[in-house]
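Visitor: Got a structure here, written out as structure tokens. Questions coming.
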Amino acid sequence: MYYLIFTSYGAFLLDYNGDLSLENIKYYKIFPEEDIPKIMYDLRRGNLQIVDKLKEEWNLKDGEKVIVEYLEEEPTTPGKFVRENVYTLGKRYGVFNSYEEFIEKTNLWTTELTKLLMKEASERKDKLIIQTVSALDDLDETLNLFSERLREWYSLYFPEMDKIIKKHELYAKLVSQFLKRENYTRTKLKEFLPSKTAKILSKAAKSSMGAELSERDLSIIKEFADQIISLYNLRDKLVKYLEELMEETAPNLTKLAGPSLGARLISLTGGLERLSKLPASTIQVIGAEKALFAHLRLGADPPKHGVIFQHPLIQSSPWWIRGKVARALACKLAVGVRADVFGNYIADELLEALNKRVEEIKRKYPEPRKKTSKKRKEKKEKGKKKKKEDKKKKKKGKKSKKGKKVIGKTSSKW
Amino acid sequence: MKVREIFDNVYEIDTGDGVRRIGTKSLVPSKRVYGERVVKIEGVEYRIWNPNKSKLAAAILKGLKVMPIKRGSKVLYLGASAGTTPSHVADIVEYAPVYSVEFSPRIMREFLEVCKDRKNLIPILGDANLPNTYSNIVEMVDVIYEDVAQVNQAEILIKNAKWFLKEGGYGIIAIKARSIDVVKDPKEIFKEQREILTEGGFKIVDEVDIEPFERDHVLMVGIWQP
């Protein structure tokens, strides 16, 4: 029986029927050193062309049975023998001269292999992120639609509740739990609602103007509400899954932007790597394409932020510095994403620098700047027009389109 | 400051403030791995081994009697994480390889940084449940150290021992009761795990409860006698 045993630097074919010594090595192949990480990578990915290649090289007939230990669930005796002698064999065939060299080379090869494996891991994962974000969007749309339907439907029976319970998820839960009007008692409702709302709702249930519906009519409504609840549960699961994925794939981005915003940026650009190649100025306005093109074509105000507007740092800032904060944030995001692609973790430093910068902006601009005087405004307008025309001339000398320019109203000049 | 060797290449370091500390000789002086304290005594740099961050250090401080990791021991380390304990293990074995398996690519990134400086740390991104997938890298070893928070951690140790552990070699396993079963009594769990290990081929020779450094954790040492 033949056994094919892989080591990091080569492959050995042993003829084994009970006794073992170096004599059992029938054939061997030492890999070229520069190929080793790739060969190990192929093995790990289940790419086994190398096995066929070796068989051919060693002239093994098809009928010959060869056990490839790498694919077995249990170790084999020849495999153990080779593993006991990894260094000795390598030395014998001139792969290393000293034990130290053996360790250093192994470290080098496995590091390269690990990098190859990790690269693939993050490449595949960003596609998963994109799908998950899209699924969440679909789900939100569907949930709104279904919830609206449930409200309309159940309102035939208990119209007052529609106004009292605003949250869709809660509404569906209440329908599923109580269903019949006589079940809406204050004590029971208190488990789900603040006592004030519970009081109002129970009162409304007692004197409802809704039509009477039969058991059969109501039970199908309950079924529908149950489905909505299960969709909400699915949504929660997706959100949690997305968070885990993001933490794994893009830790810097996740720390800086949060999982949902980070995921959205990846999904809008079509991948982590593509996102990492974008300049910060582009990241700043991702998601505001319409406004950006309106600005470029028609001379409207440029957008200050795209989806990164969702970031709490921007939302919590007063309007007159949001543009600045967005720019600072976009810069750090751009750096962070690049670090993600190359496998470094630098988010803590970035976040610190960002917070510092935002503090600085807040200190520097405590209140909105007053409108400039008329004279200066005119001056500015002239300058702007001139600049615009220059730019357009550069762009293949296109005729400058006269769009509906609204100048002087912008809040984004500075 | 005084130094006393308590195990092969493991030192007790007395800095004079009454706290009992252990440390290892730094293989790459002037480099820190996880922000640990570094002291220089008679020209030799020691890295203080933090028991709050490393279960092996905690076990040593709590009176581990059998310490199988020595100078020159080849080690298979399952669950390398960011490299806190592996870096000290690498210090102890000096010029023998420490094959370090870690499952999460995210943490592997940090671990790779540690491997850059310590050439005897061999990084392996892989699943400890599937020893065959790294059988072409790992050789037969003297010690397997396992610290993976998995439900079947005892089985994982046995599986890997079958592939890589020399007969008479040692298995060290950090058992986290809470990751096996949250509600069960930890004592009960340790008993179960001990049985699984014994049946699998390990003769348990030492067992240390590492309270107060970690709660419901036990470090077991066994000899492989399949």
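The values are calculated or read from the model by the stated rules, or taken from the named source; none is laboratory data. Only a predicted model underlies this, so the values are computations on that prediction, with no experimental measurement involved. Neighbour counts run over all protein chains shown; Cβ positions are idealised from the backbone, glycine included. With ligands, DNA and RNA removed, areas are computed over all heavy atoms of the protein, side chains included. Shrake-Rupley method; radii C 1.70, N 1.55, O 1.52, S 1.80 Å.
Visitor: Between B:ILE172, B:ILE41, B:ILE60, find the one with the highest GNM mean-square fluctuation for chain B; connect C-alpha pairs within less than 10 Å.
Guide: Per the Cα network of chain B with a 10 Å cutoff, B:ILE41 tops the list.
Visitor: So how exposed is A:ARG124, as accessible area in Å² (1.4 Å probe, rounded to 10)?
Guide: A:ARG124 has an accessible surface of roughly 130 Å² with all protein chains in place.
Visitor: For the range B:1-38, which trypsin sites (Lys or Arg not before Pro) pass both filters: DSSP loop (anything but H, G, I, E, B) and at most 14 other C-beta atoms within 10 Å? If you can, show how the numbers build up before the last one.
Guide: Working: sites: B:LYS2, B:ARG4, B:ARG20, B:ARG21, B:LYS25, B:LYS31, B:ARG32, B:ARG37; in loops: B:ARG20, B:LYS31, B:ARG32, B:ARG37.
Sparse-neighbourhood loop trypsin sites (Lys or Arg not before Pro): B:ARG20, B:ARG32, B:ARG37.
Visitor: Hey, another quick one. At a 1.4 Å probe radius, which order do A:TRP153, A:TRP58 fall into by accessible area, largest first? Could you put the intermediate results ahead of the total?
Guide: Working: A:TRP153 85, A:TRP58 20 Å².
Ranked list, largest accessible area first: A:TRP153, A:TRP58.
Visitor: Right, here's the next one. Can you give me the three principal axis dimensions of the range A:83-133 from its C-alpha atoms, in Å, biggest first?
Guide: So the extents along the principal axes, rounded to whole Å, are 54, 17, 13.
Visitor: Give me the tail of P(r) for the range A:80-217 as a percent: Cα-Cα pairs with distance above 19 Å.
Guide: Working: 6490 of 9453 pairs.
The share of Cα pairs beyond 19 Å in the range A:80-217 comes to 69 percent.
Visitor: Can you tell me which aspartates and glutamates have their Cα less than 13 Å from the Cα of A:LYS290? Leave out same-chain residues fewer than eight positions away.
Guide: Straight-line reach from A:LYS290, under 13 Å: A:ASP301.
Visitor: At 222 nm, what helix-only mean residue ellipticity would the protein assembly as shown give, in deg cm²/dmol to the nearest 500, using -39500 (n - 2.57) for each DSSP H run of four or more?
Guide: Estimated from H runs of four or more residues: -16000 deg cm²/dmol.
Visitor: For the range A:162-238, what size does the Cα cloud have along each of its three principal axes, sorted from largest down, in whole Å?
Guide: Extents along the principal axes, in whole Å: 40, 31, 20.
Visitor: Amide H of B:GLU146: which non-local residues (sequence gap of 5 or more, or other chain) have their own amide H closer than 5 Å, using H built in the peptide plane?
Guide: Distant-sequence amide H within range of B:GLU146: B:LEU78, B:ILE172, B:ILE173, B:ALA174.
Visitor: Using the structure shown, select from A:LYS26/B:LYS74; B:LYS162/B:LYS203; A:LYS167/A:LYS199; A:LYS356/B:LYS31 the pairs with a Cα to Cα distance greater than 20 angstrom. Walk me through the numbers before you get to the answer.
Guide: Values: A:LYS26/B:LYS74 28 Å; B:LYS162/B:LYS203 15 Å; A:LYS167/A:LYS199 17 Å; A:LYS356/B:LYS31 29 Å.
Pairs exceeding the cut-off: A:LYS26/B:LYS74; A:LYS356/B:LYS31.
Visitor: Considering only protein heavy atoms, with the full assembly of protein chains and a 1.4 angstrom probe, order A:ASP226, B:ASP206 by accessible area, largest first.
Guide: Output order, biggest surface exposure first: A:ASP226, B:ASP206.
Visitor: Roughly what percent of Cα-Cα pairs across chain A reach past 37 Å?
Guide: 58
Visitor: Per residue of A:60-68, how many C-beta atoms from partner chains lie within 10 Å of its own C-beta, taken as a mean?
Guide: Whole-number average of other-chain Cβ neighbours for A:60-68 is 0.
Visitor: For A:LYS61, give me every one of the aspartates and glutamates with a C-alpha distance below 15 angstrom, ignoring sequence neighbours fewer than eight places off in its own chain.
Guide: Candidates past the 8-residue exclusion: A:ASP15, A:ASP52.
Visitor: Helix B:153-164 against the longest principal axis of chain B: what's the angle in degrees, Cα atoms only, rounded to the nearest 10?
Guide: So the helix axis and the longest Cα principal axis differ by about 80 degrees.
Visitor: How are the C-alpha pair distances of chain B spread across 5 Å bins, as whole percents from the shortest bin up?
Guide: 1, 7, 15, 19, 21, 17, 11, 5, 2, 0, 0
Visitor: On a 1.4 Å probe surface of the protein chains, which of A:TYR345, A:TYR16 comes out largest in accessible area, and what is the full order? It would help to have the intermediate numbers written out before the result.
Guide: Working: A:TYR345 75, A:TYR16 45 Å².
Descending accessible area places them as A:TYR345, A:TYR16.
Visitor: On to the next question. Near A:LYS304, which aspartates and glutamates are there with a Cα under 13 Å away, not counting those fewer than 8 places off in the same chain?
Guide: Excluding near neighbours in sequence, the set is A:GLU289.
Visitor: Out of the range B:164-211, which trypsin sites (Lys or Arg not before Pro) are coil in DSSP terms and have no more than 13 other C-beta atoms within 10 Å?
Guide: Loop-located and lightly packed - B:LYS184.
Visitor: Relative to the longest principal Cα axis of chain A, at what angle does helix A:195-206 sit, 0 to 90 degrees, rounded to 10?
Guide: With rounding to tens, the tilt is 70 degrees.
Visitor: Then there's this: For the protein assembly as shown, with the dipole built from +1 on Lys and Arg beta-carbon atoms and -1 on Asp and Glu ones, taken about the Cα centre, which of B:VAL28, B:GLY168, A:GLN310 lies farthest toward the positive end?
Guide: A:GLN310
Visitor: May I ask you to list the trypsin sites (Lys or Arg not before Pro) in the range A:10-79 that are in a DSSP loop and have at most 13 other Cβ atoms within 10 Å of their Cβ? Mind showing how you got there, number by number?
Guide: On the way: sites: A:LYS26, A:LYS29, A:LYS38, A:ARG44, A:ARG45, A:LYS53, A:LYS55, A:LYS61, A:LYS65; in loops: A:ARG45, A:LYS61, A:LYS65.
Listed in order of number, the matching sites are A:ARG45, A:LYS61, A:LYS65.
Visitor: Let me ask something else about it. From Cα coordinates alone, what are the radius of gyration and Dmax values for the range A:160-305 in angstrom?
Guide: Values for the range A:160-305 (Cα only, Rg and Dmax): 23.4, 63 Å.
Visitor: Is the shape of the range B:123-226 best called rounded, prolate or oblate, per the rule: a/c under 1.5 gives rounded, else a/b larger than b/c gives prolate, else oblate, with a ≥ b ≥ c the square roots of the Cα gyration tensor eigenvalues?
Guide: prolate
Visitor: Dipole of the protein assembly as shown, Cα-centred, from +1 at each Lys and Arg C-beta and -1 at each Asp and Glu C-beta, to the nearest 20 debye?
Guide: 7820
Visitor: If the only charges are +1 at each Lys and Arg Cβ and -1 at each Asp and Glu Cβ, what is the size of the charge dipole of the range A:1-159 around the Cα centre, to the nearest 20 debye? Mind showing how you got there, number by number?
Guide: Values: 21 positive and 30 negative charges, 47 e Å.
That gives the range A:1-159 a dipole magnitude of about 220 debye.
Visitor: Moving to a separate point now. Does anyone have the angle between helix B:84-93 and the longest principal axis of chain B? Alpha-carbon axes, 0 to 90°, nearest 10?
Guide: The angle comes out near 80 degrees.
Visitor: Based on Cα coordinates alone, diagonalise the gyration tensor for the range A:11-138, multiply each eigenvalue by 5, take square roots, and list the semi-axes in whole Å, largest first.
Guide: 35, 20, 13
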